[in-house]
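A short worksheet on the structure shown next.
The values are calculated or read from the model by the stated rules, or taken from the named source; none is laboratory data. In this text, all values refer to a predicted model and were calculated from it rather than measured experimentally. Neighbour counts are summed over all protein chains in view; Cβ atoms, including those assigned to glycine, are modelled from backbone coordinates with ideal geometry. Ligands, DNA and RNA are stripped out before the accessible areas are found, and what is left, the full protein with its side chains, is counted by its heavy atoms. Shrake-Rupley method; radii C 1.70, N 1.55, O 1.52, S 1.80 Å.
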Amino acid sequence: GDSVTQMEGPVTLSEEAFLTINCTYTATGYPSLFWYVQYPGEGLQLLLKATKADDKGSNKGFEATYRKETTSFHLEKGSVQVSDSAVYFCALSEPGSGNTGKLIFGQGTTLQVKP
Amino acid sequence: EAQVTQNPRYLITVTGKKLTVTCSQNMNHEYMSWYRQDPGLGLRQIYYSMNVEVTDKGDVPEGYKVSRKEKRNFPLILESPSPNQTSLYFCASSFLAGGSYEQYFGPGTRLTVT
């Protein structure tokens, strides 16, 4: 079945460092891809999305490009801030699955940014 | 303010004691779902509902029930909770945008079953 694999965490960076969180997926069709962020004690918030190959999603300085050839959707940010400390989830939604809208999540990657 | 609310936020209970976690959304979304979040496993879908009176199982439905009598509410029912249902639960509602569903999540309910 469809699945999402994220890099193991936690990831610890200094402020202003470059961030990459790797995400790869397995899907039978052409999924939509998402990054969600979960701040401490809160629910998940949509960070960015891409719905087709070569699309780039971006928001709040984060970006990710839908790479069909490598089945990847890596999250990047050029300069992280302490306020970016959170858990990041990569997810896919398979449009062919009867439009149920179900999200399949990776296991999450904890990011800690130190001043 | 557009939001998904869940109650309670924290719950400690004992094995076998029936409980209900409520979920409500004010965005008039048709699609709602429940997920559980466990360390190392990410979020997994328990049940979902495409509209009023239409519900279906997700990936981990065993031990749970849901109902959708009104569009805005989607309660999660544990008839006889067991310790393996100790988890963090999220309700979500969503709408179709640009060919994919965008989901809004509630703040979560941390359940402990002893």
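For this structure, a couple of remarks:
- Matching strands (runs of 3 or more DSSP E) fully within the stretch B:43-110 where at least 3 residues are buried (at least 22 other Cβ atoms within 10 Å of the Cβ) and within 11 Å of chain A (Cβ to nearest Cβ): B:87-97, B:100-105
- When the criteria are applied in full, B:SER93 fails the requirement of being within 23 Å of A:GLU42 (Cα to Cα), of a type in the set (Gly, Ala, Ser) and in contact with a Leu (Cβ under 9 Å, 6 or more places away or on another chain).
- Candidates A:ASP55, A:ASP84 - the one that is within 14 Å of chain B (Cβ to nearest Cβ) and more than 26 Å from B:ILE46 (Cβ to Cβ): A:ASP55
- A search for C-beta distances below 6 Å between a residue of the stretch B:28-57 that is on the phi > 0 side of the Ramachandran plot and any residue that is part of a strand (DSSP E or B) and among the aromatic types (Phe, Trp, Tyr), counting only pairs 6+ apart in sequence or on different chains, returns B:GLY42/A:PHE105.
- Residue check, A:TYR25 under 21 Å from B:LEU96 (Cα atoms) and of a type outside the set (A, V, I, L, M, F, W, C): no
- Within the stretch B:6-37, tally of residues that are at the interface with another protein chain (Cβ under 10 Å from one of its Cβ atoms) and open to solvent by 20 Å² or more (accessible area, probe 1.4 Å): 3
- Any chance A:PHE18 is touching a residue at least 60 places away in the same chain (Cβ under 8 Å), more than 14 Å from every other protein chain (Cβ to nearest Cβ) and not polar (S, T, N, Q): yes
- Qualifying positions in the stretch B:19-43 - modelled with pLDDT of 90 or more and of a type in the set (Gly, Ala, Ser): B:SER24, B:SER33
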